[in-house]
Amino acid sequence: MATAQLLQWSENLRIGIREIDDQHKALIAMINELHQAIVARNAKDIAREILDRLADYPLTYFRDEEGLMQRSGYSALESHREQHEDLIRRIGELRNQFDAGNSKITFELMFILKQWLTRHVNESDRRFGAYMMATP
Ligand SMILES: [Fe+2]
């Protein structure tokens, strides 16, 4: 049985910088994949593998985004970086909870992840997108 996706990419999430939008799409796909695996419950190994990917991916992607901010002289870089560190911490917690076999908490954390990502993209990344558009 197909399960509804936890998160859906939509035009509302577009911030206008193509490389960042593409990375958000990839991150959303990974979160959905993990959610499906957790829903299926019989996919422990798959879920663990996706969690590993989800833990690695933002490390590279966030550094790219922060590099772009640094090169463009974006003044809110530090507070933006703190939000990225927060997500990396949350994914680490998610992995620990999963390893401890606590699927209920894993579900709760999936929703926290969803809220974090939606909010971060809509507020912080969007502000950066607008800054880049306005910067010659
Ligand atoms: Fe960001």
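The values are calculated or read from the model by the stated rules, or taken from the named source; none is laboratory data. Please read all numbers here as calculations on a predicted model, not as lab measurements. Don't worry about glycine lacking a Cβ; one is built from the backbone with ideal geometry, like all the others, and counts go over all protein chains shown. Note: areas computed on protein heavy atoms with side chains; ligands, DNA, RNA excluded. Shrake-Rupley method; radii C 1.70, N 1.55, O 1.52, S 1.80 Å.
Only helical DSSP H runs with n ≥ 4 go in: add -39500 (n - 2.57) per run for the chain, normalise by residue count and round the 222 nm mean residue ellipticity to 500 deg cm²/dmol.
-25500 deg cm²/dmol
Can you give the FRET efficiency for GLN5 and ARG127, using 1/(1 + (r/R0)^6), R0 = 25 Å, r = Cβ-Cβ distance, to the nearest 0.05?
For R0 = 25 Å, the calculated efficiency reads 0.40.
Given a 1.4 Å probe and the protein chains all in place, what does the accessible area of MET133 round to, in Å² to the nearest 10?
Near enough 120 Å² of accessible area.
Over the chain, consider all pairs of different Cα atoms and compute the Kirkwood hydrodynamic radius from their mean reciprocal separation; express it in Å, one decimal.
Numbers: mean 1/r = 0.0641 Å⁻¹.
About 15.6 Å for the chain.
What translational diffusion coefficient, to the nearest whole µm²/s, does segment 6-86 have by Stokes-Einstein, given a Kirkwood radius computed over alpha-carbon pairs, a temperature of 25 °C and 0.890 mPa s viscosity? List each step's numbers first, then the result.
On the way: Rh = 14.1 Å.
It diffuses with D of about 174 µm²/s by this estimate.
Between ASN12 and GLU108, how many nm apart are label points set 7 Å from Cα along the C-beta direction?
Placing both labels 7 Å along Cα→Cβ, they lie 2.6 nm apart.
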